[in-house]
Amino acid sequence: MDELIPARYRGQVALAISGSYWIGALLGSGLSILLLNPNIISQYYGWRVAFWLGAALGLCVLLIRRYVPESPRWLITHGRNEEAEQTTEAIVDLVRNETGRELPEVEEPSLTIEQRTSIGFGIILRAMFQMYPKRTVLGLTLMASQAFLYNAIFFTYALVLTKFYGIEASGVPYYLLPFALGNILGPLQLGRLFDSVGRVPMIAGCYFLCGVLMTLTGYLFYIDILTAATQTTLWCAVFFFASAAASASYLTVSEIFPMEIRAMAIALFYSIATAIGGISGPVLFDNIIGTGNAGSLFVAYLVGAGFMVFAAVIEVVLGVRAEGKSLENVATPLTAIEEATGKSAASSATRNIDEATVAPAEPIR
């Protein structure tokens, strides 16, 4: 989606799309109230119907994806010039029909690329760890910290409600509904500031505020002055910022690497971050919650808050100001040909190039 969105709106649109995850969580919580209520539907069928609905949504995504155009950047990089022109013309025609005016001429200089059918995995790794090592550290830090936070807090919150507040399992979805609502509102309300105020101050600010509010919430929980309702209210405030921060971590990784490896970077960082935060977080919190010790759980909350504050510091030091810039200006494509050498970064990074996979260089804008 980043490759199809104008640069000046890319931040807010990307955050809104990423934050829409929580619309599904909100609907899922609402449906579970009905589907898991034995007075409405048998327990034997209730959870099975919930699973079937998930499968149906997956099939809908496969169908919808057929109508989403492929990125012209990706098409032209892989030698599919005609398809790239058709997709671009379709977008231009749509804008022309909706606005009633012609689009202005492109002011940025053209970029000459070396068309290739594929980019080797070795080149991808070298680009991440040799060409952009600081950006790699930035992306991993942002994604791992938010993965720990979400997997540790949100996915164990039902256990906290039942263990510490005595909430029946059937009543847990009622507390997850406002929790999900806070996660939806964060990216929607703060998204436009990522384009106007800037990536670095907004990302660092969201991570830092999340860490501070999480520390405060954990302390109030520790001194035992919270109820299930007030605990949920505070988590809504925490995750209002956490959701924007998490969405911004995906936005960051999608922007700061060359277009040839952007998808691979997101997939690789997501898998590593999930392995770090998605495994360690639930294991740590599940064991602590099982003991029923509020002091130990407070310490665990401090660990999660520390990760978020650390990520804020890393963003301040290594963050990339990508707001309002084209993706090519944020990270030069690996296949871009340098005028001085006549070679692309991808060609320089490998010794043997299969001539059959290389087409004559084409200028793109």
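The values are calculated or read from the model by the stated rules, or taken from the named source; none is laboratory data. What you see is a predicted model, and the numbers here were worked out from it, not measured in a lab. Neighbour counts are summed over all protein chains in view; Cβ atoms, including those assigned to glycine, are modelled from backbone coordinates with ideal geometry.
Taking M128 and the conditions (1) closer than 27 Å to G319 by Cβ; (2) over 21 Å from the mean Cα position of the chain (by Cα); (3) in contact (Cβ under 8 Å) with a residue 12 or more places away in the chain, which numbered condition does it fall short on, given that it satisfies the others?
For M128, the exception is condition (2).
Just to be sure before I move on: is E355 at pLDDT below 90 and exposed (fewer than 15 other Cβ atoms within 10 Å of the Cβ) in the structure I sent?
yes
Which ones in the range 29-49 are touching a residue at least 40 places away in the same chain (Cβ under 8 Å) and touching a Leu at 6+ places or on another chain (Cβ under 9 Å)?
S29, G30, S32, I33 - these are the residues of the range 29-49 that are touching a residue at least 40 places away in the same chain (Cβ under 8 Å) and touching a Leu at 6+ places or on another chain (Cβ under 9 Å).
Among all residue pairs at least 6 apart or on different chains, which show Cβ distances below 8 Å where the first residue, located in the range 271-291, is polar (S, T, N, Q) and the second is part of a helix (DSSP H, G or I)?
T274/A147; T274/N151; S280/F148
I'd like the full set of residues that are among the polar types (S, T, N, Q) and farther than 30 Å from T136 by Cβ, limited to the range 264-297.
Within the range 264-297, N287, T291, N293, S296 qualify.
I'd like to know if the range 55-64 contains one or more residues that are in contact with a strand residue (DSSP E or B) (Cβ under 7 Å, 6 or more places away or on another chain) and surrounded by 10 or more Cβ atoms within 10 Å (Cβ to Cβ).
Looking through the range 55-64, none of the residues is in contact with a strand residue (DSSP E or B) (Cβ under 7 Å, 6 or more places away or on another chain) and surrounded by 10 or more Cβ atoms within 10 Å (Cβ to Cβ).
Could you list, in sequence order, the residues of the range 118-129 that are surrounded by 20 or more Cβ atoms within 10 Å (Cβ to Cβ) and more than 17 Å from L251 (Cα to Cα)?
Within the range 118-129, I119, I123, I124, A127 meet the criteria.
How many residues are of a type in the set (D, E, K, R) and either surrounded by fewer than 19 Cβ atoms within 10 Å (Cβ to Cβ) or within 23 Å of C236 (Cβ to Cβ) (or both) if we restrict to the range 1-34?
Total meeting the criteria: 2.
Could you check how many residues of the range 174-208 are over 15 Å from S249 (Cβ atoms) and of a type outside the set (S, T, N, Q)?
18
What are the residues in the range 258-296 that are polar (S, T, N, Q) and assigned to a helix (DSSP H, G or I), if any?
Listed by number, the residues that qualify are S271, T274, S280, N287, T291, S296.
Kindly establish whether Y132 is surrounded by fewer than 16 Cβ atoms within 10 Å (Cβ to Cβ) and modelled with pLDDT of 85 or more.
Answer is no for this residue.
Which residue, of A158, A169, A144, is small (G, A, S), surrounded by 12 or more Cβ atoms within 10 Å (Cβ to Cβ) and within 24 Å of F221 (Cα to Cα)?
A158
Please work out if F298 is farther than 27 Å from L216 by Cβ, among the hydrophobic types (A, V, I, L, M, F, W, C) and surrounded by 15 or more Cβ atoms within 10 Å (Cβ to Cβ).
It is false that F298 is farther than 27 Å from L216 by Cβ, among the hydrophobic types (A, V, I, L, M, F, W, C) and surrounded by 15 or more Cβ atoms within 10 Å (Cβ to Cβ).
For the range 222-241, enumerate the residues that are of a type outside the set (A, V, I, L, M) and either buried (at least 19 other Cβ atoms within 10 Å of the Cβ) or closer than 16 Å to G292 by Cβ (or both).
Y222, D224, Q231, T232, W235, F239, F240, F241
When you check V137 against the structure, is it β-branched (V, I, T), within 25 Å of M259 (Cα to Cα) and either within 14 Å of the chain's Cα centre (by Cα) or surrounded by fewer than 17 Cβ atoms within 10 Å (Cβ to Cβ) (or both), yes or no?
yes
Could you check G306 against (1) outside any helix (DSSP H, G or I); (2) of a type in the set (G, A, S); (3) at pLDDT 90 or above and say which number it fails?
Of (1) outside any helix (DSSP H, G or I); (2) of a type in the set (G, A, S); (3) at pLDDT 90 or above, only one is false for G306: (1).
In the range 66-166, which helices (runs of 4 or more DSSP H) lie fully inside it and hold 3 or more residues that are within 30 Å of A180 (Cβ to Cβ) and of a type outside the set (V, I, T)?
Per the criteria, 133-153, 157-164.
Which numbered condition in (1) surrounded by 10 or more Cβ atoms within 10 Å (Cβ to Cβ); (2) polar (S, T, N, Q); (3) part of a helix (DSSP H, G or I) is the only one that N37 fails?
Result: N37 passes all but (3).
For the condition at pLDDT 95 or above and either assigned to a helix (DSSP H, G or I) or among the acidic types (D, E) (or both), what is the one hit in F208, F194?
F208
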